[in-house]
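Right, one structure below, let's go through it.
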Amino acid sequence: MSYRVKLLVVFIALALVTNGISLAFMYRLSSHYLYDGYRAKLLSITVSTAAVLDGDVLQQIQSRADEATPAYAQVRNTLKRIRDTNRRPDTYIKRVFTVIKVKDDPNALIVAVDPEENPETKAHAGEVYRPGTQRMAGIQQPVVEDDFITDEFGTFLRSWAPVRDGSGRIIGAVICESTATWVDLKMRPILLSGLFSMLLAGLLAVPAALVISRKTSAPLIELQSAVKRISAGDFDTPLAVQSKDEFGQVAEAVNAMAHGLKERDRVKSTFARYVSHQVMDSILKSDQGIQLHGDRRRITVLFCDIRGFSTMSETLPPEKVVKLLNDYFESMVEVVFRNNGTLDKFIGDGMMVIFGAPDDDPFQEDHALKTAIEMQQELKRLAERWKPEGINIRSGIGINSGPAVVGNIGSSRRMDYTAIGDTVNLASRLESATKELGVGILVSEYTYMAARGNFRFREMGSIHVKGRTDPVMTYTPEGEGWEVTPATGEVETVIGA
């Protein structure tokens, strides 16, 4: 959002907030006043209705069978007449009905007479009435509830008044339910006038904000344009310094920043061709420079190798071999970087990848397995492309997790960021064992234990590897896109699988 727009928004917001507070205060007072008047009117109607009802007649109605009696008809006609009389623009009674006490349970209520014509909302004599928070003990005197009640039939206000028999004993109550429409209609003109006032204040704030913002936003717009060009990689278009005030100082700082970014971008682009982007970022962020040292940490190591590459390279021109390798590594490295892997090195036609260094990765095992699976899938797409040339590529991937020494290893004149230790050696041995076991991906038990909750595996049994006394249990992830070649026991990418 531009500075001009922000200033415009501030002016409009200030006007709207000020008027909004006034409107809310006025609306609240008016609503409270009208609401209290509405409650008083409803209570008056309820009390008047209770006064004209004969409690002795009402007490005769106990079940649905009594709806055919003259007593039921007498009470129903009285309630209906009162209801229809009070359905006016200023007051609208939705329902008027009576309830009576249950003889065996004085705290329970049943419906006596309901003059409602709609069979879907009509209550019949003898039905249990569940009033919610109001109980029979609470209607020793007329009561109107404090809040509107909302149910499947709408929003209404409810009022109670006791009905007495000839001896003055309370035998039931008349209940009136009135809609909230009257209050809403009365409040609508107040609300509309307040909204119009807010809109007018916002419109008056617009020209004032435009005049002020136009004078102050021109330098910012030019600065914004320069920063956008720099963010797009254009470091060769300097910002004109037209004043000595704060805007001029900012312009000089932006020009200096563009020059520094240009140099940094050139160094970074060159550096990125020789090391992985994680290692490069770690070096660029370091305040201590490059030092020969290593840290012991848990990592996951992935080795990947092309099967039969030596034999294939003998039958292809050198230029073709180089292009094939470059295409292969281009795709594989993209998969590695996409899954937070650190490319350690290329080893002939293979590669070594580290997960969990230089940056810690609590999901390193999952990322390594996801990388291996996506490598096989990417190799399938490459094989489809190379199929017309008669090139058939197979690959094996070994993955192991555990402690290793990771850091800058070498001399002060030439060093590599790499990992060393038994964890690395075992991953390399597992990659070699993929050919013997006839799988495309082989995982050690240490990686399996950390990732078994997120991947499906097939146990491949324990194997003995060079340099280790104890056997290692191995697993392979189950998935689509690669199959075992029965004749060679190697993993071959299947076209169209």
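The values are calculated or read from the model by the stated rules, or taken from the named source; none is laboratory data. What you see is a predicted model; the values in this text were computed from it and never measured. Heads up, the Cβs are rebuilt from the backbone with ideal geometry, glycines too, and the neighbour counts pull from every protein chain shown. For accessibility, only protein heavy atoms count, side chains too; no ligands or nucleic acids. Shrake-Rupley method; radii C 1.70, N 1.55, O 1.52, S 1.80 Å.
Considering only the range 351-380, state which residues are open to solvent by less than 10 Å² (accessible area, probe 1.4 Å), aliphatic (A, V, I, L, M) and part of a helix (DSSP H, G or I).
At the first step, the residues of the range 351-380 found to be open to solvent by less than 10 Å² (accessible area, probe 1.4 Å) are 351-357, 368-369, 371-372, 375-376, 379.
Going one step further and asking which of them are aliphatic (A, V, I, L, M), we end up with 351-354, 357, 368-369, 372, 375, 379.
Answer for the range 351-380, where residues must be open to solvent by less than 10 Å² (accessible area, probe 1.4 Å), aliphatic (A, V, I, L, M) and part of a helix (DSSP H, G or I): ALA368, LEU369, ALA372, MET375, LEU379.
Every residue, every condition in (1) touching a helix residue (DSSP H, G or I) at 6+ places or on another chain (Cβ under 7 Å); (2) more than 18 Å from PHE309 (Cα to Cα); (3) modelled with pLDDT under 90; (4) not hydroxyl-bearing (Ser, Thr, Tyr), yes or no:
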site: GLU334; (1), (2), (3), (4): no, yes, no, yes
site: ASN339; (1), (2), (3), (4): yes, yes, no, yes
site: LYS370; (1), (2), (3), (4): no, yes, no, yes
site: TRP386; (1), (2), (3), (4): no, no, yes, yes
Any chance you could count how many residues in the range 83-115 are in contact with a Phe, Trp or Tyr (Cβ under 7 Å, 6 or more places away or on another chain) and among the acidic types (Asp, Glu)?
2
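Are any residues in the range 82-102 in contact with a strand residue (DSSP E or B) (Cβ under 8 Å, 6 or more places away or on another chain) and either under 16 Å from LYS122 (Cβ atoms) or in a loop (DSSP other than H, G, I, E, B) (or both), and if so, which ones? Show your work before the answer.
Here is the first cut: in the range 82-102, the ones in contact with a strand residue (DSSP E or B) (Cβ under 8 Å, 6 or more places away or on another chain) are 82-83, 86-87, 91-102.
Result: ARG83, ASN86, THR91, ILE93, LYS94, ARG95, VAL96, PHE97, THR98, VAL99, VAL102.
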Within the set of pairs 6+ apart or on separate chains, which have a first residue in the range 338-351 that is at positive phi, a second that is surrounded by 14 or more Cβ atoms within 10 Å (Cβ to Cβ) and among the charged types (D, E, K, R), and C-beta atoms under 9 Å apart?
ASN340/ASP361; GLY348/ASP305
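Does ALA13 fit the bill of being surrounded by fewer than 19 Cβ atoms within 10 Å (Cβ to Cβ), closer than 22 Å to THR150 by Cβ and not hydroxyl-bearing (Ser, Thr, Tyr)? Before you say what the answer is, go through the steps one by one.
Numbers: surrounded by fewer than 19 Cβ atoms within 10 Å (Cβ to Cβ): yes; closer than 22 Å to THR150 by Cβ: no; not hydroxyl-bearing (Ser, Thr, Tyr): yes.
Answer is no for this residue.
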Being in contact (Cβ under 8 Å) with a residue 12 or more places away in the chain and hydroxyl-bearing (Ser, Thr, Tyr) is true for just one of THR98, THR69. Which residue is that?
THR98
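Of all residues in the range 394-414, count the ones that are out of contact with any Gly (no Cβ under 9 Å at 6 or more places or on another chain) and open to solvent by less than 50 Å² (accessible area, probe 1.4 Å). Working first, answer last.
From the range 394-414, those out of contact with any Gly (no Cβ under 9 Å at 6 or more places or on another chain) are 398-400, 410-414; that's our starting set.
Okay, now just the ones that are also open to solvent by less than 50 Å² (accessible area, probe 1.4 Å), so 398-400.
Number satisfying all stated conditions: 3.
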Confirm whether PRO119 is modelled with pLDDT under 90 and farther than 24 Å from GLN141 by Cα.
yes
Using the structure shown, decide if TYR72 is in a helix (DSSP H, G or I) and open to solvent by less than 70 Å² (accessible area, probe 1.4 Å).
yes
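For residues in the range 296-325 being at pLDDT 90 or above and within 16 Å of LYS380 (Cα to Cα), which is least open to solvent (accessible area, probe 1.4 Å)?
At the first step, the residues of the range 296-325 found to be at pLDDT 90 or above are 296-305.
Among the residues that remain, those that are also within 16 Å of LYS380 (Cα to Cα) are: 304-305.
Working: CYS304: 6, ASP305: 35 Å².
Looking at residues that are at pLDDT 90 or above and within 16 Å of LYS380 (Cα to Cα), I get CYS304.
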Test result for GLY489, of a type outside the set (Val, Ile, Thr), open to solvent by less than 40 Å² (accessible area, probe 1.4 Å), out of contact with any Pro (no Cβ under 7 Å at 6 or more places or on another chain) and at pLDDT below 90
yes
Determine which single condition ASP105 fails, assuming it passes every other condition in (1) out of contact with any Asp or Glu (no Cβ under 8 Å at 6 or more places or on another chain); (2) in a helix (DSSP H, G or I); (3) open to solvent by 40 Å² or more (accessible area, probe 1.4 Å).
(2)
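Condition check ((1) surrounded by fewer than 17 Cβ atoms within 10 Å (Cβ to Cβ); (2) polar (S, T, N, Q); (3) at pLDDT 85 or above; (4) under 17 Å from PHE97 (Cα atoms)) across all residues:
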site: ARG135; (1), (2), (3), (4): yes, no, no, yes
site: VAL144; (1), (2), (3), (4): no, no, yes, yes
site: CYS176; (1), (2), (3), (4): no, no, yes, yes
site: ASP184; (1), (2), (3), (4): yes, no, no, no
site: MET187; (1), (2), (3), (4): yes, no, no, no
site: LEU191; (1), (2), (3), (4): yes, no, no, no
site: LEU195; (1), (2), (3), (4): yes, no, no, no
site: MET198; (1), (2), (3), (4): no, no, no, no
Spot the failing condition for TYR27; the list is (1) open to solvent by 70 Å² or more (accessible area, probe 1.4 Å); (2) under 27 Å from TRP160 (Cβ atoms); (3) in a helix (DSSP H, G or I); (4) not β-branched (Val, Ile, Thr), and only one is missed.
(2)
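Collect the residues in the range 115-126 that are without any contact (Cβ under 8 Å) to a residue 24 or more places away in the chain and in contact with a strand residue (DSSP E or B) (Cβ under 8 Å, 6 or more places away or on another chain), keeping them in residue-number order. Steps first, please.
We begin by selecting, within the range 115-126, every residue without any contact (Cβ under 8 Å) to a residue 24 or more places away in the chain; these are 116-120, 122.
GLU116, the sole residue that qualifies.
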